[in-house]
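Read the figures in this text as sums done on the coordinates, not as results from a lab. Since we're looking at a predicted model, the values are computed, not measured. Virtual Cβ from ideal backbone geometry, glycine too; neighbours counted across all protein chains shown.
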Amino acid sequence: MTKWTPTHEAPEPLEGPVVATITGGTILWFVLFLAQLPFYGWFSDHGHLWWLWTCLAGGGLGLVGVWYVRKRDAAIRRHVAAARAAGRESSAP
């Protein structure tokens, strides 16, 4: 098992526009759902109705994801602000 253990440190996680990315993906899932809705009969006749419900589930889970990443982003900002405030207080004479 030791041959599978990494010998180097893991890189720092990449941070980017997470909220915008999740929001964009959520909008895309809902657009796909709405675009397929007029073809409900065709999907039903050919056994592909799960495509429609997959898009709706993706949009619903995306809403949960947007809520989560917004809370995460706010928590990170609060932590950074608290760390800066603590750093300033400890350096004061």
Computed about the Cα centre, the charge dipole of the chain from +1 Lys/Arg and -1 Asp/Glu charges at the Cβ has a magnitude in debye, to the nearest 20, of 380
Each label sits 7 Å from Cα toward the beta-carbon; between Phe43 and Ala86 the label points are separated, in nm, by 4.9
Farthest towards the positive end of the dipole of segment 18-89, among Gly24, Tyr68, Phe39 and with Cβ unit charges of +1 on Lys and Arg and -1 on Asp and Glu, lies the Cα of Tyr68
Residues of segment 2-32 with backbone N under 19 Å of the label point set 7 Å from the Cα of Trp51 along Cα→Cβ are 28-32
